[in-house]
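The values are calculated or read from the model by the stated rules, or taken from the named source; none is laboratory data. Quick caveat, the model's predicted, so the values are computed rather than measured. Note: ideal-geometry Cβ built from the backbone for every residue, glycine included; neighbour counts use all protein chains shown.
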Amino acid sequence: MSRIEKALEKATRMRNGSDATAGLRQSVDHRHRRPALQSPGPLQDVDPHLIAHSDSAAIVSEEYKKLKATIIKMTKQEPIKNMLLVTSAVGSEGKSITAANLALSLAQDYDHSVLLIDADLRKPTLHRLFNVTPGIGLSDCVSEERDIASALIKIGNGNLMFLPPGKRTENPVELFSSQRMEKALAAMKYRYPDRYIIIDAPPVLLFAEAKLISTLVDGIIFVVKEGGTSLQHVTEALDSLKAENLMGIVYNAMGTDGLNNRYSYHAYYTDYQK
């Protein structure tokens, strides 16, 4: 049995109640959310699936806190491994929701600031989740060699900054494979050593960008939706990434049967079929 099959088998045992432990995982459910709370600051009218912001006491939010704690434990080294890529095999796996909630959860920690980057130039999602109007962004800063700081958007009262995707480009692969992109990401990584950089990238099997970025980051968080993509696609996607950079699999949308409702489920996903 392969390493990937073992990981997914373990997640299935968790769902059936036969294994109460887990590694790096995420499972969220809008059916078990409490009503959204009012934001204490300027972070208003965000997507309700940003549960790490809307209800810090909910079961779902607790799962993101566990994910955050695992990430911090795995990355606290000298120098810190602070640049993380979030991706999936195909679309509709929940990678953008995972990236956004992880960024929000990390930003609530007093010791860290967070930069969330939407590197999905083909079908950007994060600006809609946060209800912000994107202006210049990653593609503009890289192609025109602009200062990244000029494109950042402050999210809420916390320590979270957002870099929009920027203008659409005819050939994102060319942009992401350029030395300019490599220099831009390196500059962001080393400018603030206490800052976590979370990059939401396109799915691995659909486009080449995630593979290109994977060579430049410290770790990869791979999102798998229960009942979503096939094991074959998951295996193909992980095999195409650098194995040494893989931090773990976030097993998303796991049902609550057999777990006494300890884990939750959500069903909001970007549809790449449109």
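At-a-glance table
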read-out	value
Flag for Asp140 being at pLDDT below 90, surrounded by 15 or more Cβ atoms within 10 Å (Cβ to Cβ) and of a type in the set (Asp, Glu)	no
Qualifying positions in the range 145-204 - hydroxyl-bearing (Ser, Thr, Tyr) and without any contact (Cβ under 8 Å) to a residue 40 or more places away in the chain	Ser150, Ser177, Ser178, Tyr190
Val86 vs. criteria crowded, with 17+ Cβ neighbours inside 10 Å, in contact with a strand residue (DSSP E or B) (Cβ under 7 Å, 6 or more places away or on another chain), over 21 Å from Lys225 (Cβ atoms) and touching a residue at least 24 places away in the same chain (Cβ under 8 Å)	no
Wholly within the range 82-183, helices (runs of 4 or more DSSP H) carrying at least 3 residues that are of a type in the set (Ser, Thr, Tyr)	95-107
The range 217-274 - residue that is acidic (Asp, Glu) and more than 17 Å from Ile199 (Cβ to Cβ) and, of those, modelled with the lowest pLDDT	Asp271
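Let's see how each residue does on (1) of a type outside the set (A, V, I, L, M, F, W, C); (2) in a strand (DSSP E or B):
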{"site": "Met188", "(1), (2)": "no, no"}
{"site": "Ile197", "(1), (2)": "no, yes"}
{"site": "Pro203", "(1), (2)": "yes, no"}
{"site": "Phe207", "(1), (2)": "no, no"}
{"site": "Gly228", "(1), (2)": "yes, no"}
{"site": "His233", "(1), (2)": "yes, no"}
{"site": "Glu236", "(1), (2)": "yes, no"}
{"site": "Val250", "(1), (2)": "no, yes"}
